[in-house]
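Asks: The structure's right below; bear with me while I get my questions together.
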Amino acid sequence: MTSIINKFRTAFIFQFLLYGLCAFGQVSTAQSSIHQSIQSKTDEIFDSLVEIRRDFHKYPEVSEKEEKTSQKIEDYLLSLGLEVKTNIGGYGVVGILKGEKEGKRVAWRADIDAISSDLPDVVHFESQNEGVRHICGHDVHITIGLGIANVLASLKENLQGSVYFVFQPAEEMNKGAKGMVDDGLFKLINPDEIYGLHMSPYPVGTIATKSENVYAHFTFMEIEFKAPKDQESLINYTKQIMRSAQTYGPNAKFWNNENLFSTELGVTNPNTIYKDYVALMSDFSIEKSNERVKLGVLVDASNEEKLNEYLALIKNEIETSRYSEELISVKFNFEEGMPVMETPMNDRELTDETLKSISNIYGKQSVIPLYGVPPLQFSDDFAHFQKFVPGVYYFLGGSNSEKGIVAMPHTPNFAVDEDAIKTGVNYFSSMIVERLKK
């Protein structure tokens, strides 16, 4: 998960954890034997997966430096008998599992890079690579991907179709997915669907997602004028119209992060305040000279349409104001600032079908439906894969309030209840099996 601005308060996570911890859903007796086999195999390999995760955690590698991580992934996939492709878009790895018969082709993606951090680790298997840590959960992502590969390889004779395991580098730089695609990923594999997950502060034993975008759309918006005689009046006017055009005023409950996961207002409520909004998420940057005045601000929106509507509104306001002749441009700054950051756009039909599938197999308590997106600056270049292949991006719960574990990525005390590995392998092995049946 690429994080531009970390705005996190532990309080709002624990408020959400009032949902309670969900025990791992046992496969219903009404379910087919293959899902019972999945759970049995996951139980069998769980301890080894925990050791694998801890090894990745102890030896993290930053974006574009994932050489040893990549080699470990390759070795594991080869040990399962998979066909393996390496060095795709950098240190990307792809494992190919072919079932006994031809059929649908499903891809599973896991990102593999760590981030630079000098903060001390909070686990006893702390990082041995100075200045690098897995505080975004990619070590868990890798492990779950390998676990799914192991489970499905053991069931190969029962599979119809192919499963592709895509281990992607450089997600934290927001460039690894594009690098793999540009390097011919979809010439090596041709999936019909693609899926992936990210660790989140939801309770362990749960997953959460929604159709369409799962993160807010955000970018740096810039307004440039020819300098008038009274620059301060122009600046104050521009600030005022931009602030007043936000969805919520300065005293609204929207701005209190403790409401993000509240049952009345938060993203899990169909009537959440975190949908259909535009918000300014930074102070204004101001550049002044005798010839030009330029203002910039980070703008967050619940969807790209709202973001574009906001830009058009501000442009129209200025063009019909006393400053219309001074206006040079109103734009998103793609050169010096940042682009509209990509957010995974989940296919509606696949989202509905896969959540229903997991809920039917592991129980309704396993799935948390989402209705809004938090105004936090996160993105994931899994979105780039979805430009070519329809798919779904899930949030995997890793928090456990009883153990004091909060799995909020990119925070100093980020940790994961390792039972989340079992959840991920079980739920998504079963989901993939169901997708192959379609």
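The values are calculated or read from the model by the stated rules, or taken from the named source; none is laboratory data. If you're wondering where the values come from, they're calculated on a predicted model, not measured in any experiment. As a convention, Cβ positions derive from the backbone with ideal geometry for all residues, glycine included, and neighbour counts pool all protein chains shown.
Asks: Please enumerate the residues belonging to the range 257-287 that are over 22 Å from residue 408 (Cα atoms) and either at pLDDT below 95 or assigned to a loop (DSSP other than H, G, I, E, B) (or both).
Replies: Result: 270, 271, 276, 277, 283, 284.
Asks: Right, here's the next one. Quick check on my filter: what residues within the range 127-144 are among the hydrophobic types (A, V, I, L, M, F, W, C) and not in a loop (DSSP other than H, G, I, E, B)?
Replies: 132, 140, 142, 144
Asks: Next question, about the same structure. Go through the range 68-126 and give me each residue that's surrounded by fewer than 16 Cβ atoms within 10 Å (Cβ to Cβ), in a helix (DSSP H, G or I) and touching a Phe, Trp or Tyr at 6+ places or on another chain (Cβ under 8 Å).
Replies: Listed by number, the list holds a single entry, 68.
Asks: Here are some residues: 332, 254. Which one is at pLDDT below 95 and either under 22 Å from the mean Cα position of the chain (by Cα) or not charged (D, E, K, R) (or both)?
Replies: Answer to the selection: 332.
Asks: For the range 74-93, what are the residues that are farther than 21 Å from residue 427 by Cα, hydrophobic (A, V, I, L, M, F, W, C) and in contact with an Asp or Glu (Cβ under 9 Å, 6 or more places away or on another chain)?
Replies: Those that are farther than 21 Å from residue 427 by Cα, hydrophobic (A, V, I, L, M, F, W, C) and in contact with an Asp or Glu (Cβ under 9 Å, 6 or more places away or on another chain): 84, 88, 93.
Asks: List every residue pair whose Cβ atoms sit under 8 Å apart, with the two residues 6 or more apart in sequence or on different chains, where the first one lies in the range 207-226 and is farther than 23 Å from residue 330 by Cβ and the second, anywhere, is part of a strand (DSSP E or B) and of a type in the set (Gly, Ala, Ser).
Replies: From the range 207-226, the pairs are 207/397; 208/200; 208/397; 215/379.
Asks: From the set of residues in the range 145-174 that are of a type in the set (S, T, N, Q) and not in a strand (DSSP E or B), which is farthest from the chain's Cα centre (by Cα)?
Replies: Among them, the one singled out is 158.
Asks: Could you please find all residues in the range 52-70 being out of contact with any helix residue (DSSP H, G or I) (no Cβ under 7 Å at 6 or more places or on another chain) and within 11 Å of residue 140 (Cα to Cα)?
Replies: The answer is 54, 55.
Asks: So, one more: Just to check your reading of the model, which residue among 389, 416, 425, 433 is touching a Ser or Thr at 6+ places or on another chain (Cβ under 8 Å) and of a type in the set (Val, Ile, Thr)?
Replies: Of 389, 416, 425, 433, the one residue that is touching a Ser or Thr at 6+ places or on another chain (Cβ under 8 Å) and of a type in the set (Val, Ile, Thr) is 425.
Asks: Next question. Can you pull out the residues in the range 223-246 that are buried (at least 17 other Cβ atoms within 10 Å of the Cβ) and either under 26 Å from residue 344 (Cβ atoms) or of a type in the set (Phe, Trp, Tyr) (or both)?
Replies: 225, 246
Asks: While we're on this one: Return the residue satisfying two criteria in turn: it lies in the range 29-51 and is assigned to a helix (DSSP H, G or I) and among the small types (Gly, Ala, Ser), and of such residues it is farthest from residue 139 (Cα to Cα).
Replies: That would be 33.
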